[in-house]
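Some notes on the structure that comes next.
The values are calculated or read from the model by the stated rules, or taken from the named source; none is laboratory data. Remember, it's a predicted structure, so these values are computed and weren't measured experimentally. With ideal geometry, Cβ positions are generated from the backbone for all residues, glycine too; neighbour counts draw on all protein chains shown.
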Amino acid sequence: MQLESKLIMLENRLQKVFKHRNKQAKRMGISCYRLYDKDLPEFPICIELYDDKVYISEYVSKHHLTEEEYVAWLEETIVVIRKVLNISDENVFIKQRKRMNHRTQQYEKTDAKEDFFTVEETGLKFLVNLTDYLDTGLFLDHRTTRQMVQAESAGKKVLNLFCYTGSFSVYAASGKASLVTSVDLSKTYLKWAEDNFTINLLKNKEQYQFIHADVVQYLKTLQSNSYDIIVMDPPTFSNSKRMDDFMDIQRDHVSLINDALNVLNNGGKLYFSTNFTKFILDTEQINSNKIKDITKATTPFDFEGKLKRWCYLIEKES
């Protein structure tokens, strides 16, 4: 099939999906959502909208194109995307995602433009960066889970582990949590999380804590029965120089979950998620009989049929 015919297929697909999802997004009060994720094999890309900007992640694939053919393919693909979304060239951001060896690589900084802008999600504001990192600062696939945590946070003590840029923490704070503690090993992400609190006018320093620590070790320092809700979204692998050992989520999830359950009050809830697609939860070794797979229930409208993560609700029994 010639490139021109393939581009027509892409344009038709995007027009159809954009019309539908844009209506859904407006109705839900969100300005960021996923539009396309390798729907057509001829276009192995992911397209996300962040307000008036489009973020294109290109997946490495065996396209069997010459360099000249590849450049033409990419340029024409962007032309179609801009046309359908009516977006100017300066608002198009593209990044190539490579399959990473998680034992030796981390999702680190890729540029230094410091080009942050603010987006809205269900009445809350978040800083996003489409140039400097492999990830944008807001995990769109956790949107529904964030809302669940927000709805349950009133008067509760909430602990957000591996907090990244603190979006779960912002939701918990906006839900009137009595205490929100955000923990991450990255000072960069913690500062980002604090900035997200600032733009949402959440400034109570006693009520909102930002802890720079290795989560694996930090959990062991906490007293039992300290929190009502814990959110834990660990990386699949982590081998930071600031850690005593590397972390493998399949190997280490039981000890992580049990340590978190120890920190919870009786009846407390742990939201545990992982992006490891081959993950198997070792339910027999976890100190709770109240374990529920909520992956489907936490799948946002723009990820249906395409979600590549697991999510579990694990309760501490009274």
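Details
- Taken over the stretch 306-318, residues that are of a type outside the set (D, E, K, R) and more than 17 Å from the chain's Cα centre (by Cα) amount to 3.
- Complete set of residues in the stretch 1-34 that are surrounded by fewer than 17 Cβ atoms within 10 Å (Cβ to Cβ), charged (D, E, K, R) and in contact (Cβ under 8 Å) with a residue 40 or more places away in the chain: GLU11
- The number of residues in the stretch 47-62 that are surrounded by 13 or more Cβ atoms within 10 Å (Cβ to Cβ) and free of Cβ contacts under 8 Å to residues at least 40 places away in the same chain comes to 7.
- The set of residues from the stretch 216-233 being surrounded by fewer than 20 Cβ atoms within 10 Å (Cβ to Cβ) and of a type outside the set (A, V, I, L, M) comprises GLN217, TYR218, LYS220, THR221, GLN223, SER224, ASN225, SER226.
- Restricting attention to the stretch 121-142, the residues that are at pLDDT below 95 and charged (D, E, K, R) add up to 2.
Results for (1) closer than 19 Å to ASN225 by Cα; (2) charged (D, E, K, R), shown as yes or no for each residue.
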{"residue": "HIS142", "(1), (2)": "no, no"}
{"residue": "VAL149", "(1), (2)": "yes, no"}
{"residue": "VAL170", "(1), (2)": "no, no"}
{"residue": "LYS176", "(1), (2)": "no, yes"}
{"residue": "LEU190", "(1), (2)": "no, no"}
{"residue": "ASP195", "(1), (2)": "no, yes"}
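- Residues of the stretch 17-39 that turn out to be in contact with a Leu (Cβ under 6 Å, 6 or more places away or on another chain) and modelled with pLDDT under 95, as a count: 0
- Consider the stretch 200-215 and keep the residues that are among the hydrophobic types (A, V, I, L, M, F, W, C) and within 12 Å of SER169 (Cα to Cα). The one that is surrounded by the most Cβ atoms within 10 Å (Cβ to Cβ) is PHE210.
- Summed over the stretch 150-163, the residues that are aliphatic (A, V, I, L, M) and surrounded by fewer than 24 Cβ atoms within 10 Å (Cβ to Cβ) give a count of 2.
- Subset of the stretch 294-314 [assigned to a strand (DSSP E or B) and out of contact with any Leu (no Cβ under 8 Å at 6 or more places or on another chain)]: CYS311
- The residues of the stretch 213-247 that are of a type in the set (Asp, Glu), modelled with pLDDT of 90 or more and more than 12 Å from PHE162 (Cα to Cα) amount to a single one, ASP228.
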